[in-house]
Amino acid sequence: MSDVKKLMYVNRRAPYGTIYAWESLEVVLIGAAFDQDVSLAFLDDGVYQLTKGQNTEDTGMKNFSATYAALGDYEVTKIYVEKDSLDERGLLLDDLQHLVWEDEDEDWAEKDSIRLVSRAELADLMADQDIMFNF
Amino acid sequence: MKLTIQVNEGPYQHQAADSAYNFAKAALAKGHEIFRVFFYHDGVNNGTRLTTPPQDDRHAVDRWSELAREYELDLVLCVAAAQRRGIVDDGEAERNGKDATNIADGFRISGLGQLIEGAVQSDRLVVFGD
């Protein structure tokens, strides 16, 4: 595959309750091998997927939240979080995991992966994609 | 136009599975190419040959098999989703020590890379289901 397409994975559901968040993450990790221009968007209840301190012990569900920290190693460096969705849920950026990636062009400088965007900015980003995966 | 279709819902519960089939059939009739149909999440339940709907109802599985035969469609069930939901072919039965298989004619089980490849290779990825 020679041509690089812009892929966006759109995550709008809470991390548990349905399997979509976990299966989305599986697609992202496998899709990373395809060397495409990848970004992730978190909006609506999807913003809960990135929250710190998740504990699933009482529900018997697998806690996969630590996996998000590995995204940088998979060269997934653009994680858009819709600020309106955070505001509506009383969440702050500080409630989310601090996700980073290392920029090999700048001596492996550590950079933030999460970018807060407004609803309108996210709409523009979506309009710019070739492919959207919705979860 | 070259299309990849993603089906996220099982048969009979959700109209998305019917819509995906109807869309595929209509697209093929119009001369479009379907690069692949990828069944994910509960969508893998569209690929079990043990499905037995009432006789006066549509057969959601057999009609995919027939469409695949007619147009040489590539119908792919996600392996992780299929394992979780007990959809098994010969290879999976052997690997996981199962005493039966139930994959329907015309379907195969493979990985998520097939979805990404389909999306990248096609002009459009058309998704059915929530």
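The values are calculated or read from the model by the stated rules, or taken from the named source; none is laboratory data. The shown structure was predicted, so the numbers you read here are calculated from the model rather than taken from an experiment. FYI the Cβ positions are ideal-geometry reconstructions off the backbone, even for glycines, and counts take in every protein chain you see.
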Failed item in (1) among the β-branched types (V, I, T); (2) more than 15 Å from the chain's Cα centre (by Cα); (3) over 20 Å from A:A21 (Cα atoms), with B:I116 passing the rest: (3)
Residue that is nearest to the other protein chains (Cβ to nearest Cβ) [pool: residues in segment A:84-135 that are out of contact with any helix residue (DSSP H, G or I) (no Cβ under 9 Å at 6 or more places or on another chain) and in a loop (DSSP other than H, G, I, E, B)]: A:Q129
Within segment A:1-27, considering residues that are of a type in the set (A, V, I, L, M) and closer than 21 Å to B:R124 by Cβ, the one modelled with the lowest pLDDT: A:M1
Test: residue in segment B:51-74 that is touching a Phe, Trp or Tyr at 6+ places or on another chain (Cβ under 8 Å) and within 11 Å of chain A (Cβ to nearest Cβ): no
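Residue under question is A:A32, and the condition is that it be within 14 Å of chain B (Cβ to nearest Cβ) and either in contact with a Phe, Trp or Tyr (Cβ under 8 Å, 6 or more places away or on another chain) or closer than 24 Å to A:E104 by Cβ (or both); does it hold? Steps first, answer last, please.
On the way: within 14 Å of chain B (Cβ to nearest Cβ): yes; either in contact with a Phe, Trp or Tyr (Cβ under 8 Å, 6 or more places away or on another chain) or closer than 24 Å to A:E104 by Cβ (or both): yes.
Spelling it out, A:A32 is indeed within 14 Å of chain B (Cβ to nearest Cβ) and either in contact with a Phe, Trp or Tyr (Cβ under 8 Å, 6 or more places away or on another chain) or closer than 24 Å to A:E104 by Cβ (or both).
Quick one: is A:A69 surrounded by 13 or more Cβ atoms within 10 Å (Cβ to Cβ), at pLDDT 95 or above and of a type in the set (A, V, I, L, M)?
It is true that A:A69 is surrounded by 13 or more Cβ atoms within 10 Å (Cβ to Cβ), at pLDDT 95 or above and of a type in the set (A, V, I, L, M).
Being charged (D, E, K, R) and at positive phi is true for just one of A:D73, A:D35. Which residue is that? Can you show your working first?
Working: A:D73 fails: at positive phi.
Within the list A:D73, A:D35, the selection yields A:D35.
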Residue within segment A:54-63 that is over 29 Å from B:V126 (Cβ atoms), within 14 Å of chain B (Cβ to nearest Cβ) and surrounded by 13 or more Cβ atoms within 10 Å (Cβ to Cβ) present: yes
Some residue of segment A:6-18 being part of a helix (DSSP H, G or I) and of a type outside the set (S, T, Y): no
One residue from B:L50, B:L67 being under 13 Å from the mean Cα position of the chain (by Cα) and free of Cβ contacts under 8 Å to residues at least 60 places away in the same chain: B:L67
In segment A:4-24, the residues that are closer than 12 Å to B:D130 by Cβ and in contact (Cβ under 8 Å) with a residue 12 or more places away in the chain: A:R12, A:R13, A:Y20
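Can you tell which of B:G47, B:G111, B:G118, B:G129 is within 14 Å of chain A (Cβ to nearest Cβ), under 28 Å from A:F133 (Cα atoms) and crowded, with 22+ Cβ neighbours inside 10 Å? Steps first, answer last, please.
On the way: B:G47 fails: within 14 Å of chain A (Cβ to nearest Cβ); B:G111 fails: crowded, with 22+ Cβ neighbours inside 10 Å; B:G129 fails: crowded, with 22+ Cβ neighbours inside 10 Å.
Every option except B:G118 fails the conditions.
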